[in-house]
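Shown next, in structure tokens, is the structure this report addresses.
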Amino acid sequence: MPEVSTEAPFSYEESIRKIHQIVQELQEGRTGFEELVRRYQEATALISQCRAYLDESELIIRKVTGGQEVDFH
């Protein structure tokens, strides 16, 4: 029987929100050292996921556009 995942699907926007929240907590300096390290690790993992998502998205866009440069501004 396949395992059922209890994790929510990846959300770039939610990950960015969490990163901002963690940065704010770290800047306030109200947590103990162990919690600070744990939150830092959480933020770096989220950043890695976001980078991978953006890299993947870029490849999809390049395929769709035939490799042409796209200006999103």
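The values are calculated or read from the model by the stated rules, or taken from the named source; none is laboratory data. All of these numbers come straight from a predicted model, not from anything done at the bench. For neighbour counting, all protein chains shown are included, and Cβ atoms are generated from backbone atoms with ideal geometry for every residue, glycine included.
Please work out which residue is modelled with the lowest pLDDT, limiting yourself to the stretch 45-73 and to residues that are over 14 Å from the mean Cα position of the chain (by Cα) and among the acidic types (Asp, Glu).
The qualifying residue modelled with the lowest pLDDT is 71.
Return the residues of the stretch 19-33 that are over 15 Å from residue 51 (Cα atoms) and either hydrophobic (A, V, I, L, M, F, W, C) or surrounded by 10 or more Cβ atoms within 10 Å (Cβ to Cβ) (or both); say none if nothing qualifies.
20, 21, 22, 23, 25, 26, 31, 33
Is it the case that some residue within the stretch 24-39 is among the polar types (S, T, N, Q) and assigned to a helix (DSSP H, G or I)?
Yes: one or more hits.
Given the structure, is residue 42 of a type outside the set (Ser, Thr, Tyr) and either at pLDDT below 90 or surrounded by fewer than 11 Cβ atoms within 10 Å (Cβ to Cβ) (or both)?
Spelling it out, it is not the case that residue 42 is of a type outside the set (Ser, Thr, Tyr) and either at pLDDT below 90 or surrounded by fewer than 11 Cβ atoms within 10 Å (Cβ to Cβ) (or both).
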